[in-house]
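First up is the structure itself, then whatever we jot down about it.
The values are calculated or read from the model by the stated rules, or taken from the named source; none is laboratory data. Here the structure is a predicted model, which is why all the values come from computation and not from measurement. Neighbour counts run over all protein chains shown; Cβ positions are idealised from the backbone, glycine included.
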């Protein structure tokens, strides 16, 4: 069973069966069990939309939420930051566990490859950001900051009209 923690530290078990797929389909208007080509298109759509992901996860975790007295609003408010990524990972894992054994490992491998690609993109973004001048340099170039810290900008005009 796949597990993730929300931003408040609550643990949620994510398990998928045919009944839950039907409930998700009715309540979220998405069929997470549709395969298209070489990827699971609907599941990919869900994990790329944090609101839809939260809705689907809530449906899958609703019994636990009710038992804990957690409303859908409280659940949604706790889905931020890393909780979104961990929730998506749990959904992929739960879907792989739901799938026939011959598809399970390829699905888990595909999810892992997706995480690796995302991590590489973040590393690349950080490398590119490190090449950029600082914000202070941008302001100076644009004329927003004085050339040296010793300089004092001219005072702003005041409106003295009655």
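So that you can scan it fast, the table gives a plain yes or no per residue for (1) at pLDDT 95 or above; (2) crowded, with 19+ Cβ neighbours inside 10 Å:
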| residue | (1), (2) |
| --- | --- |
| 12 | yes, yes |
| 19 | yes, no |
| 25 | no, no |
| 31 | no, no |
| 35 | no, no |
| 39 | no, no |
| 49 | no, no |
| 52 | yes, no |
| 57 | yes, yes |
query = Which residues, taken from the range 77-101, are closer than 13 Å to residue 8 by Cα and not in a helix (DSSP H, G or I)?
reply = 78, 79, 80, 81
inquiry  = I'd like to check something: does the range 2-23 contain any residue that is free of Cβ contacts under 8 Å to residues at least 12 places away in the same chain and within 22 Å of residue 122 (Cα to Cα)?
reply    = no
ask   = Among the residues of the range 86-98, is there at least one that is surrounded by fewer than 15 Cβ atoms within 10 Å (Cβ to Cβ) and out of contact with any helix residue (DSSP H, G or I) (no Cβ under 7 Å at 6 or more places or on another chain)?
value = no
ask   = Do we find that residue 23 is part of a loop (DSSP other than H, G, I, E, B) and in contact with a helix residue (DSSP H, G or I) (Cβ under 8 Å, 6 or more places away or on another chain) in this structure?
value = no
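What number of residues within the range 57-95 satisfy the criterion of being on the phi > 0 side of the Ramachandran plot and free of Cβ contacts under 8 Å to residues at least 12 places away in the same chain? Before you say what the answer is, go through the steps one by one.
Start the filter on the range 57-95 by keeping residues that are on the phi > 0 side of the Ramachandran plot, which leaves 69, 81.
This time we only want the ones that are free of Cβ contacts under 8 Å to residues at least 12 places away in the same chain, so: 69.
So the count comes out to 1.
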ask   = In this structure, is residue 70 in a loop (DSSP other than H, G, I, E, B) and farther than 21 Å from residue 100 by Cα?
value = yes
